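Right, one structure below, let's go through it.
The values are calculated or read from the model by the stated rules, or taken from the named source; none is laboratory data. Note that this is a predicted model, so its numbers are computed, not measured. Cβ placement follows ideal geometry from the backbone for every residue including glycine, while neighbour counts extend to all protein chains displayed.
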């Protein structure tokens with residue numbers, strides 16, 4: 001019997017408190033779970049303190065190293081570049097959570 005291994009994907013994501021609001025950049029291997037945790041304020045920290053719950057951007061990467069490098073690079077970007085990145089794919093700052101969660 002041949003079993004196919006599922007490839008694990010890694011995500012770099014950006015959450016916002018509102019359009020052009022406070023931004024948070026993170027990395028995870030389970031985007032649905034991680035965004036849910038942010039939305040429900042299940043962990044104390046930056047996103048809970050600042051009400052950052054709206055998923056406005058994400059990228060998929062094949063390795064954790066690649067995703068972590070990208071996350072660190074994005075965190076060094078100035079705010080205008082981050083906003084331009086979001087608005088390139090999501091000009092209306094739509095919450096992408098519904099597409100992930102099936103809602």
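Mind checking which residues of region 76-100 are surrounded by 13 or more Cβ atoms within 10 Å (Cβ to Cβ) and touching a residue at least 12 places away in the same chain (Cβ under 8 Å)? Of everything in region 76-100, those that are surrounded by 13 or more Cβ atoms within 10 Å (Cβ to Cβ) and touching a residue at least 12 places away in the same chain (Cβ under 8 Å) turn out to be 82, 83, 85, 86, 90, 93, 94, 95, 96, 97, 100.
Consider region 1-19 and keep the residues that are more than 18 Å from residue 59 (Cα to Cα) and at pLDDT 95 or above. The one that is nearest to the chain's Cα centre (by Cα) is 17. Assessment of region 21-38 against the conditions (under 24 Å from residue 92 (Cβ atoms), crowded, with 18+ Cβ neighbours inside 10 Å and over 11 Å from the mean Cα position of the chain (by Cα)) yields no matching residue.
Within region 19-60, the set of residues being in contact (Cβ under 8 Å) with a residue 40 or more places away in the chain, in a loop (DSSP other than H, G, I, E, B) and either touching a helix residue (DSSP H, G or I) at 6+ places or on another chain (Cβ under 8 Å) or on the phi > 0 side of the Ramachandran plot (or both) comprises just one member, 20.
Condition check ((1) part of a loop (DSSP other than H, G, I, E, B); (2) closer than 17 Å to residue 31 by Cα) across all residues:
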position	(1), (2)
68	no, yes
72	no, no
82	no, no
93	yes, no
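Number of residues in region 39-49 that are touching a strand residue (DSSP E or B) at 6+ places or on another chain (Cβ under 8 Å) and either exposed (fewer than 15 other Cβ atoms within 10 Å of the Cβ) or at pLDDT 95 or above (or both): the value is 1.
So that you can scan it fast, the table gives a plain yes or no per residue for (1) within 16 Å of residue 23 (Cβ to Cβ); (2) in contact with a helix residue (DSSP H, G or I) (Cβ under 6 Å, 6 or more places away or on another chain); (3) modelled with pLDDT under 95:
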| position | (1), (2), (3) |
| --- | --- |
| 62 | no, no, no |
| 73 | yes, no, no |
| 76 | yes, no, no |
| 80 | yes, no, no |
| 100 | no, yes, yes |
